[in-house]
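The values are calculated or read from the model by the stated rules, or taken from the named source; none is laboratory data. Keep in mind that what you see is a predicted model, and the values were worked out from it rather than measured. Positions of Cβ are backbone-derived with ideal geometry, glycine not excepted, and every protein chain shown enters the neighbour counts.
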Amino acid sequence: MSNYNCYSTKIFTEVWDEVGKFVTDLNNSPFAGSITNETANKLYYLLYSKYGNNPIANQDENQFKMKVFGIIFEYGSTWEKRLEIQIKLRGLQEEDLTVANVNIHNHANNPSTEPYTASDNILSYIDDQNVNTSKRGKLEAYNVLWSMLEDITEPFLRKFEKCFKLLANPVKTILYPDVEE
């Protein structure tokens, strides 16, 4: 007879041993809709990889779940949007990165008509228009991209630390089979 979980509380994988249970519990909680199911799947595997064998900090499993789902409600949607932005940033092509700014200044001297001058497009029918365009060099463009890319997942995962015991000392008796020689 062996007892692998020798802690006084369950470990993460005993609460949610598969992603489907995690997503179902999240969707059935008061915090449903905080993040999409696709993002919830990713989050489950991230939590599993970081806290899978960690004992939870609550004797009450439901309170533990509400703590986790509360963190997802509070920070999950921002994390999800940041993931989306990071994917778009990583997908930018070099020509997208080198374009910097276009400054447009319109002036119209038409006494009989009132041309529209508040456009953000370059117009061909204005009396006077100054257009200033600029372009970044490759090094500057990649430097700008580098400064925008950041680790957004690890700070989010650290928010879940309070849901788990910091010092996980065994408190249950560990049973081993008697081995006779």
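Descriptive notes on the structure:
- Residue match in segment 42-51 (condition: surrounded by fewer than 17 Cβ atoms within 10 Å (Cβ to Cβ), farther than 30 Å from residue 130 by Cβ and of a type in the set (A, V, I, L, M, F, W, C)): yes
- Note on segment 19-74: enclosed helices (runs of 4 or more DSSP H) holding 1 or more residues that are in contact with a strand residue (DSSP E or B) (Cβ under 6 Å, 6 or more places away or on another chain) are 37-51, 61-71.
- All of (1) surrounded by fewer than 17 Cβ atoms within 10 Å (Cβ to Cβ); (2) modelled with pLDDT under 90 hold for residue 7 with one exception: (1).
- Of all residues in segment 75-105, those being out of contact with any Asp or Glu (no Cβ under 8 Å at 6 or more places or on another chain) and in a strand (DSSP E or B) number 6.
- Filtering segment 31-51 to residues that are among the small types (Gly, Ala, Ser) and farther than 14 Å from residue 158 by Cα leaves 32, 33, 34, 40.
- Residue in segment 136-181 that is surrounded by the fewest Cβ atoms within 10 Å (Cβ to Cβ), counting only those that are over 29 Å from residue 91 (Cβ atoms) and at pLDDT 85 or above: 162
- Of 100, 57, all but one fail to be farther than 20 Å from residue 152 by Cβ, touching a Ser or Thr at 6+ places or on another chain (Cβ under 6 Å), touching a residue at least 24 places away in the same chain (Cβ under 8 Å) and of a type in the set (A, V, I, L, M); the exception is 100.
- Restricting 86, 93 to residues that are within 16 Å of residue 146 (Cα to Cα), of a type outside the set (Val, Ile, Thr) and exposed (fewer than 12 other Cβ atoms within 10 Å of the Cβ) narrows the list to 93.
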